[in-house]
1. Which condition number does Tyr74 fail, the rest of (1) free of Cβ contacts under 8 Å to residues at least 40 places away in the same chain; (2) out of contact with any helix residue (DSSP H, G or I) (no Cβ under 9 Å at 6 or more places or on another chain) being met?
2. For the subset of the stretch 1-37 comprising residues that are assigned to a loop (DSSP other than H, G, I, E, B) and either free of Cβ contacts under 8 Å to residues at least 12 places away in the same chain or basic (Lys, Arg) (or both), which member is farthest from Ser49 (Cα to Cα)?
3. So Asp57 fits all but one of (1) of a type outside the set (A, V, I, L, M); (2) touching a strand residue (DSSP E or B) at 6+ places or on another chain (Cβ under 7 Å); (3) within 19 Å of Thr95 (Cβ to Cβ); what number is the exception?
4. Could you list, in sequence order, the residues of the stretch 66-87 that are in a loop (DSSP other than H, G, I, E, B) and within 13 Å of His30 (Cα to Cα)?
5. So, Phe46, is that one assigned to a strand (DSSP E or B), among the aromatic types (Phe, Trp, Tyr), exposed (fewer than 13 other Cβ atoms within 10 Å of the Cβ) and without any contact (Cβ under 8 Å) to a residue 40 or more places away in the chain or not?
Amino acid sequence: MSAASRYTHNLKVLRRRDPSILRIFDQFSHVCVYHHNGEHWEKKGFEGSMFLYERADYPPYGFYILNRMGMEDYIQRLWPEDSMSVTGSYLMLRT
C-alpha cells in the first residue's frame with residue numbers, strides 16, 4: 001500500500017468516529033497510555049498507532065490511538081489550557 005493510500009485509509013477510519021477531522025498531520029506507529037496515580041505509573045490498556053489531527057470544530061486539535069489491546073480506542077482533544085511537555089521519548093499531558 002502506498003503512503004498516500006495508507007493516509008487516505010487512516011483518515012477515513014478516524015472520520016468514522018469524528019467527521020470533523022480535516023487532516024492527519026503526524027503519526028506514530030506504537031504508543032502506550034499511562035496514568036500517574038500520585039505514587040506510580042499505571043498502564044491504562046490503550047496501545048497502538050497514534051494520529052495527531054486537525055479538526056474543523058473546537059478544539060481544533062487532538063490525537064487518536066487505534067487500540068490494539070481492546071475494542072475501545074483512545075481519543076483526546078487538546079484544549080488551550082492543557083499542559084504538555086516532552087521528556088526523552090515521553091509526551092506528558094496534563095488535562
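1. Every listed condition holds for Tyr74 apart from (1).
2. Step by step, filter the stretch 1-37, then rank; the result is Asn37.
3. Looking at each condition in turn, Asp57 falls short on (2).
4. Matches in the stretch 66-87: Arg68, Met69.
5. no
Values in this text are rule-based calculations from the coordinates and carry no lab data. Since we're looking at a predicted model, the values are computed, not measured. All Cβ positions, even for glycine, are placed from backbone atoms using ideal geometry, and neighbour counts span all protein chains on display.
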